[in-house]
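The values are calculated or read from the model by the stated rules, or taken from the named source; none is laboratory data. The shown structure was predicted, so the numbers you read here are calculated from the model rather than taken from an experiment. Cβ sites come from the backbone with ideal geometry, for glycine too, and all protein chains shown count toward neighbours. When the accessible area is computed, the model is the full protein with side chains, heavy atoms only, and any ligands, DNA or RNA have been set aside. Shrake-Rupley method; radii C 1.70, N 1.55, O 1.52, S 1.80 Å.
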Amino acid sequence: MGRLLRQTARAALLLAICGGGAAMPATATAQERGDVAVVVNRDVPVDNLTLADLRRLVLGDREFWPASLRVTLLVRAPVAHERDVLLKSVCQMTEAQFRQHWIAKVFRADAAVAPKIVYSTEMAIDAVNRTPGAIAFVDAAQAGRNLKVVKVDGRLPGDPAYLLR
């Protein structure tokens, strides 16, 4: 009985963390949205990630940065452009598949920490700056505020061959 209660509590926590269906309104049309930058806390000893490495981080298959610094994954709420790009370009999953992946991962206790939800670019930037090991996905046009932008496959936002758009 105690195990069932813990699993139910984990599921409720995960749904809250992953957005739980509470959609935030999109403020820009698809045409107005540009590249999505991968930003990390200044303490993260990484300057470039392959798309495969990024996918492992986002899916919780890699929980630590080099030097044993725990990864704190920050993702935007459902309907946000950054989340859509993350799911399509990095995870190659639908919203439902992404949620199911994390629910299963938490139930199996395969991940120590589930993704944390952020509701705005400002919230993501603040959390990245305050949280050692944090990684987030933000509008590249707003990524200049004292943030460490990580290259993806050797490319930064704005490069014609950049993958996250």
* Asked: Do we have any residue at all in the range 73-80 that's modelled with pLDDT of 95 or more, touching a Phe, Trp or Tyr at 6+ places or on another chain (Cβ under 6 Å) and either among the acidic types (Asp, Glu) or open to solvent by less than 50 Å² (accessible area, probe 1.4 Å) (or both)?
  -> yes
The residue from ASP159, ASP139 that alone is open to solvent by 30 Å² or more (accessible area, probe 1.4 Å), among the acidic types (Asp, Glu) and free of Cβ contacts under 8 Å to residues at least 60 places away in the same chain is ASP159
Restricting the range 54-68 to residues that are in contact (Cβ under 8 Å) with a residue 60 or more places away in the chain and part of a helix (DSSP H, G or I), the one surrounded by the fewest Cβ atoms within 10 Å (Cβ to Cβ) turns out to be LEU57
Scanning the range 22-41 residue by residue, the ones that are at pLDDT below 95 and either part of a loop (DSSP other than H, G, I, E, B) or in contact with a helix residue (DSSP H, G or I) (Cβ under 8 Å, 6 or more places away or on another chain) (or both) total 11
Check: crowded, with 16+ Cβ neighbours inside 10 Å and without any contact (Cβ under 8 Å) to a residue 60 or more places away in the chain: does that describe ALA127?
Finding: yes
Of the conditions (1) farther than 25 Å from ASP159 by Cβ; (2) in contact with a helix residue (DSSP H, G or I) (Cβ under 8 Å, 6 or more places away or on another chain); (3) crowded, with 16+ Cβ neighbours inside 10 Å; (4) not hydrophobic (A, V, I, L, M, F, W, C), the single one that THR94 does not satisfy is (3)
Quick count over the range 90-101, residues being over 12 Å from the mean Cα position of the chain (by Cα) and either closer than 19 Å to ASP53 by Cβ or not basic (Lys, Arg) (or both), is 8
